[in-house]
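Heads up, the thing below is written out as structure tokens.
Please treat every number below as a calculation from the coordinates, not as lab data. Just so it is clear, the structure is predicted and the values come from calculations on it, not from any experiment. Here the Cβ is made from the backbone with ideal geometry for all residues, glycine too, and neighbour counts use every protein chain on show.
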Amino acid sequence: MTWRGLLSLPRDGRSVVKTLGFLALAGLLGAGAVVGFGLYNVSAKSGHWAGVSWVLHTTFRNAVRLRADATPPEDLDSPAMVALGARHFDSACRTCHASPGRPRSATVRAMVPAPPHVSAIAGQWQPQELHWIVHQGAKMTGMPAWPATRADDVWPVVAFLRAAPDMSAQTYRDLTESPEGQSCAMCHGAGGASGNPQIPRLDILSEAYIAASLRAYRSGARDSGIMAEAMSHVPEAAIPEIAARMAAQVPVGPAQPMNALARRGEALALRGGGGDVPSCAACHGPWDAALNPLFPSLAGQHAPYLRQQLRLWREAARGGGPVAQLMHHAARDLTEEDIAALAAYYASLAPAKLDRTGK
Amino acid sequence: MQDEDAQGSTTAPRRLCWGGGALLLTACSGPQSVLDPAGRDAEVLAVLFWWMLGGAVLLWLAMNGLFFYVTRMKERAFSPQAADRLIVFGGVVFPTVVLAVLLSFALSEMPRQRDLGEGLTLRVTGESWWWRVEYRTEDTETPVISANEIRLPAGSRSELELAANGYIHSLWIPALGGKTDLIPGRETRMSLEPVTPGEYGGQCAEFCGESHAKMALRAVVLPPEEFAAWLEQQAAPATPPETETARRGQAVFLREGCGACHAIRGLGARGTIGPDLTHLGGRRTLAAGVLPMSRAALEDWLRAPEAIKPGVRMPAYGHLAAADLAALATFLEGLK
């Protein structure tokens, strides 16, 4: 039949509508029967029909490619990032993806789709794609989304996934062992200072600040996927004891020599700058008088952590305890150079509590 | 009842009329009026305004009179010569003369309004949304810093250097003179010669953002010797608090990091982002003319500044214990 023939078919509008209506009704009844009478077999044993797995996985792969656009940090593959990522992985992801040098459990392998082994992941994806998958998760696969809005603290996990294919079981064990009964110490070190610059040192902080932060992580008021996971294993009642134990640590360590960047940071921290950046020292020390213990001490804090936090403050995305809004006001005019200078200055100071009253 | 109602309804329009008239009249006097000058520059502007108003009224009457005469009274057309004369004289010569007189008067007054000051220089910076005011005399090394209040000695010309931080503003104290814009990245200047001591209102006169309408200031004109004494008192550091409550307030001030933004000379706070609070309690108003200077107003401001002035840089301190907040307000109010 030519296209002219198609046009010359009898065009009775009513019969076309009737036919379409009948088909729609039949489709609805069919779909209703599948849902209502349980006709579709959801069994993981029966697997998918031929071709369905391919369609689903190709959809997944293309959906990730379309959306993954984060820029990896320069220090993505640094040992510190890998170490932090390994510790979070051990708590949150190991159950399904196993660990380097160890097989997945038989149960996990029976999942549909089966979660890939940790050492088989990085070869399939670009870093920004890994970042997207870890942050967003994937519907109906069992892969959960990152338990925080913030996306920058996903990168350590990406770093670990990239290192996992070449990691030995022994290295993984060394990275993830923790002293008996002290889950904080696995990342933060037994004395509150781990030496990993990606992980904040806690020995300089006050009891009130640690307790407020832990509560904020638990409630979600402070946004961090890593700490949300960690705090889901800590009951509310344990917070005062943890805060007291961490705050009892006495910070030790030498001051670092100040470079030009740190000197710039010093001027900014002590006197404020540029007309709109208040002085940091008035709340965070070094200070002679007693300061509000809800303000964290920054003396000796690690520079990468400080930079990351200052960026979050500037974007009003940090959250935290009851006085967090003060810092959202204070940080909004910081430039990237200001942030680098302030982090360099505070990191160069000898680790110390909030003010010179020693509390 | 019925009578009253009936009477009320008939007199309502008349009342409205009188009310409107009274409203117009109130605009002619008071502390923030161009027509109630208290300074040399405002006097010139007022004189200019009254002359122009008088002239405009006369011209309006003359034009309408002429129109009435031509359309209703005159029976024949003008002769071509008379029409030419009317056009040349009424349309060219007369306006040229009137405008030339007005222009030369206005131009002759301009240099005086840009005269250099006679010793006192103020630097006024438009912030978001308040005024930073620094006083410099010939014998002071460092400027005396204050905010939201401009004090001037009567009878001499003071110079104002104008700057802006972030947004454009305009400084206008109608009773003392004309307005001048404050422009980021540029320095503008004006000078004022107040005559009558008293308190006058000022306002930001250029839309500058969320709280433009809440960016007022107070101008206080003092006799010269009183001004000198006031400036000397302003230059001095703050008096340490004397009562127990005020001392507690000072501790709260230092503990909460208020010194990151505010300076209180002599008490250890050196911030430069917000207004200098060394003599806060001595000012007439709080938050750039928005609130009266009182302990209760200070407490309200500290608790929720955003509710009083949208977009303000000052964060809220509502999380402080009520007693701490009250002590802080007492301490600040005591900084005379």
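Rounded to whole Å, give me the distance from the Cα center of the range A:106-139 to that of the range A:241-309.
39
Could you pull out every whole DSSP H run in chain B that spans at least 27 Å of Cα extent along its own axis and averages 0.0 or higher on the Kyte-Doolittle scale? Display every interim value, and only then the final one.
Working: long enough: B:2-26 (34 Å, -0.42); B:40-68 (42 Å, 1.37); B:94-113 (29 Å, 1.09).
Helix filter hits for chain B: B:40-68, B:94-113.
What average count of beta carbons from other chains do you get within 10 Å of the Cβ of residues in B:250-257?
On the way: counts 1, 2, 1, 0, 7, 10, 8, 14.
Mean inter-chain Cβ contacts per residue within 10 Å come to 5.
Starting with the highest mean, order B:298-307, A:82-91, B:61-70, B:278-287 by the number of other Cβ atoms within 10 Å, averaged over the residues of each peptide. Can you show the working numbers first?
Numbers: B:298-307: 17.9, A:82-91: 23.4, B:61-70: 10.9, B:278-287: 20.3.
In descending order of packing, they fall as A:82-91, B:278-287, B:298-307, B:61-70.
Compute for chain A: radius of gyration divided by Kirkwood radius, i.e. Rg/Rh, restricted to C-alpha atoms, rounded to two decimals. Write down the numbers at each step before the final one.
Details: Rg = 27.2 Å, Rh = 23.9 Å.
The Rg/Rh ratio comes out at 1.14.
Just counting partner chain Cβ atoms within 10 Å, what average do the residues of peptide A:315-326 show around their Cβ?
Details: counts 0, 0, 0, 0, 0, 0, 1, 3, 6, 1, 6, 7.
The shielding value for this peptide is 2.
Work out how far the C-alpha atoms of the range B:121-235 reach from end to end along every principal axis, then list the three figures in whole Å, largest first.
Computed over the range B:121-235, the largest-to-smallest principal extents equal 39, 29, 20 Å.
State log₁₀ I(q)/I(0) for the protein assembly as shown at q = 0.11 Å⁻¹ as given by the Debye formula over alpha-carbon point scatterers of equal weight, solvent excluded.
-1.14
Would you mind calculating the relative contact order of chain A from Cα pairs under 8 angstrom and at least 6 residues apart, reporting the percent as a whole number? Intermediate values should be presented prior to the final figure.
Details: 499 pairs, mean separation 55.5, N = 359.
Result for chain A is 15 percent.
So which DSSP H runs in chain A come out at 15 Å plus along the axis (Cα) with average Kyte-Doolittle of at least 0.0?
Numbers: long enough: A:13-36 (34 Å, 1.40); A:52-67 (23 Å, 0.09); A:79-92 (19 Å, 0.42); A:207-219 (18 Å, -0.09); A:260-271 (17 Å, 0.10); A:303-314 (16 Å, -0.93); A:336-348 (18 Å, 0.26).
TM-like helix candidates: A:13-36, A:52-67, A:79-92, A:260-271, A:336-348.
From other protein chains only, count the Cβ atoms within 10 Å of every residue's Cβ in B:261-268, then give the mean. Can you show the working numbers first?
Values: counts 8, 2, 0, 0, 0, 0, 0, 4.
Other-chain Cβ atoms within 10 Å of each residue's Cβ, averaged: 2.
Run the helix sum for chain A: -39,500 (n - 2.57) per DSSP H stretch of 4+ residues, divided by residue count, reported at 222 nm to the nearest 500 deg cm²/dmol. Write out the running numbers ahead of the final one.
On the way: 18 runs with 177 residues, N = 359.
The per-residue figure over chain A is -14500 deg cm²/dmol.
Working from the pairwise distances between different alpha carbons, so that the mean of 1/r is found and then inverted, what is the range A:1-121's Kirkwood radius in Å? Provide the component values of the computation, followed by the final result.
On the way: mean 1/r = 0.0487 Å⁻¹.
Evaluated over the range A:1-121, this radius sits at 20.5 Å.
Take chain B, connect every pair of alpha-carbon atoms lying under 10 Å apart with a spring to form a Gaussian network, then pick out the residue of B:V133, B:V124, B:V92 with the largest mean-square fluctuation.
Of B:V133, B:V124, B:V92, the most mobile in the Gaussian network model is B:V92.
Using a Förster distance of 41 angstrom, determine the FRET efficiency expected from the C-beta separation of B:L102 and B:D139, and round it to 0.05. Write out the running numbers ahead of the final one.
On the way: r = 42 Å, r/R0 = 1.03.
Calculated value: 0.45.
Just flag the GluC sites (Glu not before Pro) in the range A:270-346 sitting in loop per DSSP whose Cβ has no more than 15 other Cβ atoms within 10 Å. Walk me through the numbers on the way to the answer.
On the way: sites: A:E315, A:E336, A:E337; in loops: A:E315.
Of the GluC sites (Glu not before Pro), the ones in loops of the range A:270-346 whose Cβ has at most 15 other Cβ atoms within 10 Å are A:E315.
Could you identify which residue out of B:D84, B:D276, B:D115 has the top mean-square fluctuation in a GNM of chain B using Cα springs shorter than 10 Å?
Judging by the Gaussian network model, the answer is B:D84.
With the calculation restricted to Cα positions, what are the radius of gyration and Dmax of the range A:209-263 in angstrom?
Every Cα atom of the range A:209-263 included, Rg and Dmax give 15.6, 46 Å.
How big is the range B:244-333 by the Kirkwood estimate over distinct Cα pairs, in Å?
Over the range B:244-333, the inverse of the mean reciprocal pair distance is 13.0 Å.
Beyond 17 Å, how much of the Cα-Cα pair distribution for the range A:70-173 remains, as a whole percent?
On the way: 2635 of 5356 pairs.
Tail of P(r) above 17 Å: 49 percent of Cα pairs.
Between B:E118, B:E43, B:E75, which gets the highest mean-square fluctuation from a Gaussian network model of chain B, Cα cutoff 10 Å?
Of B:E118, B:E43, B:E75, the most mobile in the Gaussian network model is B:E75.
By per-residue mean of other Cβ atoms within 10 Å, what is the highest-first order of A:154-164, A:219-229? Mind dumping the intermediate values first?
Values: A:154-164: 25.0, A:219-229: 19.1.
Ranking the peptides A:154-164, A:219-229 by packing returns A:154-164, A:219-229.
How many percent of all Cα-Cα pairs in the range A:260-348 sit more than 19 Å apart?
Numbers: 1236 of 3916 pairs.
Result: 32 percent of Cα pairs exceed 19 Å.
For the range B:90-164, what percent of Cα pairs sit more than 21 Å apart?
Values: 1319 of 2775 pairs.
So the pairs more than 21 Å apart make up 48 percent of the total in the range B:90-164.
Per 20 Å bin, what percent of the C-alpha pairs of chain B does each bin hold, from zero upward?
Taking all Cα pairs of chain B, the binned fractions are 25, 43, 23, 8, 1 percent.
May I ask for log10 I(q)/I(0) of the range B:41-113 at q = 0.19, 0.20 Å⁻¹, from a Debye sum over the Cα atoms as equal point scatterers with solvent left out?
-0.88, -0.94
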